[in-house]
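Visitor: Structure provided below as structure tokens; questions to follow.
The values are calculated or read from the model by the stated rules, or taken from the named source; none is laboratory data. Being a predicted model, the structure only gives us computed values, none of them experimental. Here the Cβ is made from the backbone with ideal geometry for all residues, glycine too, and neighbour counts use every protein chain on show.
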Amino acid sequence: MPQLSTDVLVVGAGGAGMYAAIAAAGDGASVLLVDKGQVGRGGATIMAQMTVAVALGAAEPDSVELHLEDTLRAGRGLCNEALARLVCSDGPKRIVEMEQWGTRWAREQGRIKQEMAPGHSVKRCCYVDFLNTGPAVAATLRRKVSESTNIRRISNLAVLEILTRDGRATGAVALSLADGEWVTIQARAVILAAGGLTKLYERNSASANMGGEAYALALSAGAELIDMEFVQFFPIGHLAPRLVGMDPILWDPFRYKLGGKLLNGQFEEFIDRYGSTDFGRYNATRDIAAYAILKEVEAGRGTPHGGAYLDFRHIPETQLRAAFGPVIDRLLANGIDLTKMAVEVGPIAHYHMGGIRVDTNLQTRIEGLYAAGEAVGGSNGANRLSGNAITEAFVFGARAGSSATEAAQRAPAAWDQTLVEKIIDRLQSVCENSPAQGAAPIALQVKLQELMWEQAGPFRTGEKLAEALARIEEMSKTDLLRLRINRERDFNLDLQDWFELRAMLTTAEAVVRSALARTESRGAHQREDFPIADARLLKNQVLELKDGNLSARWAAPVRLNRSESSHD
Amino acid sequence: MIDSIGKTARLRIRRGSVGEAVHYDTFEVPYEEGMSVLDALRWIRIHLDSTLGIRYSCINANACKTCMALVNGEVEYTCIAKLTPGVITVEPLPKRPLIRDLITDVIPEDEKL
């Protein structure tokens with residue numbers, strides 16, 4: 001059994017994980033950067049085709065305070081203001097640092113180009129090229145990681161348990177997917193950077209590794225989660241025709257630059273039936289658009305794939321090309337000619353505001369256990385401002401890496417071999433106890449995704465959420481144990497799917513329980529049975545595991561003394 | 001889209017681990033216009049044979065670059081290779097060490113245990 005040892009273990013090697021590794025290594029720590037997929041190729045950052053919001057003030061006057069104001073407004077009163085401020089204040093430093101490391105931000109007259117995006121009060125959003133921001137920043141970080149002699153990278157290593165002793169993180173147990181070996185990792189500090197849970201939903205913009213594992217790992221290590229009910233649904237995600245090689249949220253800039261028409265399955269405009277008017281040019285707010293589309297589908301007026309049409313046929317081709325040049329060709333390669341056909345769009349799960357509860361050093365309540373990137377909860381409150389996701393990946397990654405290094409320097413070596421062997425026996429028994437006949441784990445994953453979409457999606461009711469909770473409990477307690485896991489040694493995908501599903505079920509339960517208790521509509525959490533915001537619920541929900549069961553309580557949001565905060 | 005209803009694609013997939021006799025399994029998959037070869041491989045894992053060994057991460061953004069295989073004899077990213085009705089042969093990359101089914105060893109040496 002391979003045994004590894006390091007100062008700082010980083011779980012998940014997307015944007016935040018790589019940034020954390022670089023920061024920790026820069027501060028002198030030995031770093032182990034692991035990913036269940038391939039290092040630097042997974043997670044959400046590499047998928048992002050849009051923009052990064054930072055108050056550089058390059059296009060027009062801007063400030064950290066103004067960026068923070070916009071972020072807090074989007075968060076509908078629930079942001080952890082200290083974390084949100086960290087994102088806004090450190091964002092500019094990270095963007096400049098990334099440029100020094102080789103990222104070519106689009107420039108205009110010698111300055112970094114900044115564009116307007118929904119929810120921002122000034123031009124603030126940087127980008128690389130046409131829809132290439134995520135892949136470009138991921139490439140920069142991969143190169144920087146590979147140049148550091150302090151960082152050891154391991155791909156295809158799935159972390160399944162975080163080890164703790166006396167309230168302190170001491171390492172992890174992992175499964176080496178390539179050869180089925182259990183691997184132990186001794187670490188003086190651990191950073192969870194495997195965030196995102198949109199794979200819980202049938203309709204999503206996720207990669208294969210967004211099943212919410214970071215949240216489940218944090219819970220079972222004794223850390224708390226916060227705001228788990230706030231899943232961001234993007235209203236006009238791409239549904240059909242099948243589009244490959246592109247981000248399914250690509251239509252937003254199209255519709256606001258060109259003025260697409262939003263039509264139901266009978267090619268009628270419908271937004272005016274839902275208290276909004278757009279005069280044939282789709283500009284309704286995200287929540288009204290999402291609601292109107294799903295209500296039309298419910299009334300039997302949806303498109304063949306259960307959404308609405310987004311139609312650009314009234315826009316001349318020259319205008320399409322002027323606005324989106326090479327993207328038009330990529331669409332044509334997919335058989336999508338916008339001058340001849342409308343595309344089908346609808347709400348899809350896109351981002352998770354909730355996550356692991358941390359302080360401004362990114363530490364959880366477990367000493368030596370940190371979170372970074374989308375795994376962190378609280379800074380976005382009830383809704384995330386567009387462009388803040390990559391900013392937080394960089395900022396939280398850098399801060400978590402430095403904090404973890406400090407913690408590693410003062411941490412005593414602590415290892416409990418007996419406990420580790422017990423855990424490995426328990427993990428090993430999953431495979432050995434699985435029946436010879438039964439459904440495959442991936443088939444139950446699909447059922448969970450359908451359930452979450454139908455019962456805990458963009459528009460929720462107490463009744464549907466209660467049904468979902470009962471079914472999730474049944475899946476966890478009964479169905480999960482009846483799944484058939486094939487016994488092959490190398491790349492046992494059934495086994496990988498099983499552990500992923502276990503984490504997905506824990507995370508799904510956290511989302512549904514929180515959604516059920518929040519009897520109001522606020523930001524991304526919309527309850528049809530409680531359609532307005534309730535001032536009494538201007539609080540965060542905090543979850544923890546008690547005797548193996550999820551337990552929730554309400555807590556007041558972290559507020560800044562704003563006059564004090566403007567000094568640094 | 002109407003003309004794709006009822007159509008199927010047949011995927012002839014090379015199976016087995018290193019050292020085993022090579023064999024091909026053929027799977028029939030419902031076809032929809034615009035589907036990728038990876039969509040079909042994922043459909044097979046969900047509905048027909050979850051043990052089919054495939055490697056992918058980003059699913060359809062063509063960002064992760066980990067889903068390569070031989071499609072009808074050509075090296076392709078399976079996430080952007082279009083499925084067509086009829087028979088398609090999918091095999092592991094020929095110049096990489098085979099691990100199992102369509103999974104080959106594409107991980108750089110310095111990213112291994």
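Visitor: From A:T478, A:T507, A:T519, which residue is polar (S, T, N, Q) and closer than 26 Å to A:L177 by Cβ?
Guide: A:T507
Visitor: Out of region B:60-104, which residues are within 17 Å of A:S155 (Cβ to Cβ) and more than 8 Å from chain A (Cβ to nearest Cβ)? First the steps, then the outcome.
Guide: Initial filter on region B:60-104 (within 17 Å of A:S155 (Cβ to Cβ)): B:63-68, B:93, B:96-97, B:99-100, B:103-104.
Scanning region B:60-104 gives B:C67, B:M68, B:L93, B:R96, B:P97, B:T104.
Yes/no per residue for (1) free of Cβ contacts under 8 Å to residues at least 40 places away in the same chain; (2) more than 23 Å from A:G245 (Cα to Cα):
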| position | (1), (2) |
| --- | --- |
| B:R12 | no, yes |
| B:G16 | no, yes |
| B:V22 | yes, yes |
| B:D25 | yes, yes |
| B:E32 | yes, no |
| B:M35 | no, no |
| B:R45 | yes, no |
| B:D49 | yes, yes |
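Residues are listed down the side, and each one gets a yes or a no for (1) more than 28 Å from A:M504 (Cβ to Cβ); (2) under 19 Å from the mean Cα position of the chain (by Cα); (3) modelled with pLDDT of 95 or more; (4) not assigned by TED's automatic domain parsing to the domain that holds A:L501:
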position: A:V128; (1), (2), (3), (4): yes, no, no, yes
position: A:N132; (1), (2), (3), (4): yes, yes, no, yes
position: A:A139; (1), (2), (3), (4): yes, no, yes, yes
position: A:N150; (1), (2), (3), (4): yes, no, yes, yes
position: A:A174; (1), (2), (3), (4): no, no, yes, yes
position: A:Y201; (1), (2), (3), (4): no, yes, yes, yes
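Visitor: What do you reckon, is A:R553 modelled with pLDDT of 95 or more, part of a loop (DSSP other than H, G, I, E, B) and within 20 Å of A:G378 (Cβ to Cβ)? Before you say what the answer is, go through the steps one by one.
Guide: On the way: modelled with pLDDT of 95 or more: yes; part of a loop (DSSP other than H, G, I, E, B): no; within 20 Å of A:G378 (Cβ to Cβ): yes.
No; evaluated as a whole, the condition is false for this residue.
Visitor: Restricting attention to region A:470-511, and to residues there that are touching a residue at least 60 places away in the same chain (Cβ under 8 Å) and among the β-branched types (V, I, T), which single residue is farthest from A:V231 (Cα to Cα)?
Guide: The extreme case among them is A:T506.
Visitor: Scanning region B:3-59 for residues that are more than 19 Å from A:A178 (Cα to Cα) and polar (S, T, N, Q), which turns out farthest from the other protein chains (Cβ to nearest Cβ)?
Guide: The extreme case among them is B:T26.
Visitor: Right, another one. Of the numbered conditions (1) farther than 20 Å from A:A342 by Cα; (2) at pLDDT 90 or above; (3) not assigned by TED's automatic domain parsing to the domain that holds A:T364, A:I226 fails exactly one; give the number of that condition.
Guide: Just one mismatch for A:I226, condition (3).
Visitor: B:T26: modelled with pLDDT of 90 or more, outside any loop (DSSP other than H, G, I, E, B) and either of a type in the set (S, T, N, Q) or more than 15 Å from the chain's Cα centre (by Cα) (or both), yes or no?
Guide: On the way: modelled with pLDDT of 90 or more: yes; outside any loop (DSSP other than H, G, I, E, B): yes; either of a type in the set (S, T, N, Q) or more than 15 Å from the chain's Cα centre (by Cα) (or both): yes.
Here the answer is yes, as B:T26 does meet what is asked.
Visitor: Which strands (runs of 3 or more DSSP E) sit wholly inside region A:228-346 and have at least 1 residues that are within 14 Å of chain B (Cβ to nearest Cβ)?
Guide: Details: elements: A:231-240, A:261-263, A:308-311.
Because the criterion is at least 1 residues that are within 14 Å of chain B (Cβ to nearest Cβ), the strands (runs of 3 or more DSSP E) in region A:228-346 that meet it are A:231-240, A:308-311.
Visitor: Continuing with the same structure: Would you pick out the residues in region A:291-304 that are crowded, with 19+ Cβ neighbours inside 10 Å and in contact (Cβ under 8 Å) with a residue 60 or more places away in the chain?
Guide: Listed by number, the residues that qualify are A:Y291, A:L294, A:T303.
Visitor: From the residues in region A:307-333 that are crowded, with 18+ Cβ neighbours inside 10 Å and not hydrophobic (A, V, I, L, M, F, W, C), which one is farthest from A:D129 (Cα to Cα)?
Guide: A:G307
Visitor: Right, another one. Only one residue in A:E406, A:E374 is of a type in the set (D, E), assigned by TED's automatic domain parsing to the domain that holds A:V190 and surrounded by 24 or more Cβ atoms within 10 Å (Cβ to Cβ), so which one is that? Give the derivation first.
Guide: Details: A:E406 fails: surrounded by 24 or more Cβ atoms within 10 Å (Cβ to Cβ).
Sole residue among the options that is of a type in the set (D, E), assigned by TED's automatic domain parsing to the domain that holds A:V190 and surrounded by 24 or more Cβ atoms within 10 Å (Cβ to Cβ): A:E374.
Visitor: Looking for whichever is at pLDDT below 95 and either more than 25 Å from the chain's Cα centre (by Cα) or surrounded by fewer than 21 Cβ atoms within 10 Å (Cβ to Cβ) (or both) here; the options are A:R487, A:R482. Which one fits?
Guide: Working: A:R482 fails: at pLDDT below 95.
Within the list A:R487, A:R482, the selection yields A:R487.
Visitor: Check whether at least one residue in region B:59-68 is assigned to a strand (DSSP E or B), modelled with pLDDT of 90 or more and crowded, with 20+ Cβ neighbours inside 10 Å, and report yes or no.
Guide: Residues of region B:59-68 assigned to a strand (DSSP E or B): B:68.
Now narrow it down to the ones that are modelled with pLDDT of 90 or more: B:68.
Narrowing the set further to residues that are crowded, with 20+ Cβ neighbours inside 10 Å leaves B:68.
Yes, because at least one residue in region B:59-68 is assigned to a strand (DSSP E or B), modelled with pLDDT of 90 or more and crowded, with 20+ Cβ neighbours inside 10 Å.
Visitor: Also, I was wondering about something else. Looking at this structure, is A:E69 over 30 Å from A:L493 (Cα atoms), assigned to a helix (DSSP H, G or I) and assigned by TED's automatic domain parsing to the domain that holds A:G397?
Guide: Details: over 30 Å from A:L493 (Cα atoms): yes; assigned to a helix (DSSP H, G or I): yes; assigned by TED's automatic domain parsing to the domain that holds A:G397: yes.
It is true that A:E69 is over 30 Å from A:L493 (Cα atoms), assigned to a helix (DSSP H, G or I) and assigned by TED's automatic domain parsing to the domain that holds A:G397.
Visitor: A follow-up question, please. Can we say A:D337 is in the same structural domain as A:T71 (by TED's automatic domain parsing) and either of a type in the set (S, T, Y) or surrounded by fewer than 24 Cβ atoms within 10 Å (Cβ to Cβ) (or both)?
Guide: Values: in the same structural domain as A:T71 (by TED's automatic domain parsing): no; either of a type in the set (S, T, Y) or surrounded by fewer than 24 Cβ atoms within 10 Å (Cβ to Cβ) (or both): yes.
Taking the combined requirement at face value, the residue does not satisfy it.
Visitor: Related question: State the number of residues belonging to region A:106-121 that are surrounded by 23 or more Cβ atoms within 10 Å (Cβ to Cβ) and in contact with a helix residue (DSSP H, G or I) (Cβ under 9 Å, 6 or more places away or on another chain). Step through it out loud before you land on a result.
Guide: Taking region A:106-121 and keeping what is surrounded by 23 or more Cβ atoms within 10 Å (Cβ to Cβ), we get A:114, A:120.
With the extra rule that they be in contact with a helix residue (DSSP H, G or I) (Cβ under 9 Å, 6 or more places away or on another chain), the set shrinks to A:120.
Here the count works out to 1.
Visitor: Here's a check for you: in region A:203-213, which residue that is more than 9 Å from chain B (Cβ to nearest Cβ) and within 17 Å of A:W453 (Cβ to Cβ) is modelled with the lowest pLDDT?
Guide: Just the residues of region A:203-213 that are more than 9 Å from chain B (Cβ to nearest Cβ), to begin with: A:203-204, A:210-213.
Narrowing the set further to residues that are within 17 Å of A:W453 (Cβ to Cβ) leaves A:203-204, A:210-212.
On the way: A:R203: 92, A:N204: 89, A:M210: 93, A:G211: 95, A:G212: 97.
Of everything passing the filter in region A:203-213, A:N204 is modelled with the lowest pLDDT.
Visitor: Scan region A:334-360 for residues that are among the β-branched types (V, I, T) and more than 22 Å from A:D129 (Cβ to Cβ) and jot them down. First the steps, then the outcome.
Guide: Filtering region A:334-360 down to residues among the β-branched types (V, I, T) leaves A:336, A:339, A:343, A:345, A:348, A:356, A:358, A:360.
Within region A:334-360, A:T339, A:V343, A:V345, A:I348, A:I356, A:V358, A:T360 meet the criteria.
Visitor: Continuing with this model, one more query. May I ask you to list pairs of residues, at least six apart or on different chains, whose Cβ atoms are under 6 Å apart, with the first in region A:142-157 being under 17 Å from A:R41 (Cα atoms) and the second being acidic (D, E)?
Guide: Correct list of pairs: A:R153/B:E111; A:S155/A:D35; A:S155/B:E111.
Visitor: Here is a follow-up. Please find, among A:G40, A:G102, A:G28, A:G77, the residue that is crowded, with 24+ Cβ neighbours inside 10 Å and either in contact (Cβ under 8 Å) with a residue 40 or more places away in the chain or part of a helix (DSSP H, G or I) (or both). Please lay out each step first, then the result.
Guide: Numbers: A:G102 fails: crowded, with 24+ Cβ neighbours inside 10 Å; A:G28 fails: crowded, with 24+ Cβ neighbours inside 10 Å; A:G77 fails: crowded, with 24+ Cβ neighbours inside 10 Å.
Every option except A:G40 fails the conditions.
Visitor: Residues to consider are A:R165, A:R124; find the one that is more than 14 Å from chain B (Cβ to nearest Cβ) and surrounded by fewer than 21 Cβ atoms within 10 Å (Cβ to Cβ).
Guide: On the way: A:R124 fails: surrounded by fewer than 21 Cβ atoms within 10 Å (Cβ to Cβ).
It is A:R165.
Visitor: Give the residues of region A:409-439 that are touching a strand residue (DSSP E or B) at 6+ places or on another chain (Cβ under 8 Å) and loosely packed, with under 11 Cβ neighbours inside 10 Å, sorted by residue number.
Guide: A:A413
Visitor: With the checklist (1) of a type in the set (A, V, I, L, M, F, W, C); (2) away from chain B (no Cβ under 14 Å); (3) surrounded by fewer than 21 Cβ atoms within 10 Å (Cβ to Cβ) in hand, flag the one item A:A216 doesn't pass.
Guide: Of (1) of a type in the set (A, V, I, L, M, F, W, C); (2) away from chain B (no Cβ under 14 Å); (3) surrounded by fewer than 21 Cβ atoms within 10 Å (Cβ to Cβ), only one is false for A:A216: (3).
Visitor: Are there any pairs with C-beta distances below 7 angstrom linking a residue in region A:191-218 that is more than 19 Å from A:I366 (Cα to Cα) to a residue that is of a type in the set (D, E), with the two at least 6 apart or on different chains, and if so which?
Guide: A:G196/A:E374; A:E202/A:E450; A:S205/A:D247; A:G211/A:E500
Visitor: Checking B:F27 against (1) under 30 Å from A:L131 (Cα atoms); (2) in contact with a helix residue (DSSP H, G or I) (Cβ under 9 Å, 6 or more places away or on another chain); (3) of a type in the set (F, W, Y), which single condition isn't satisfied?
Guide: (1)
Visitor: Kindly establish whether A:A48 is surrounded by 24 or more Cβ atoms within 10 Å (Cβ to Cβ), among the small types (G, A, S) and under 17 Å from the mean Cα position of the chain (by Cα).
Guide: Here the answer is yes, as A:A48 does meet what is asked.
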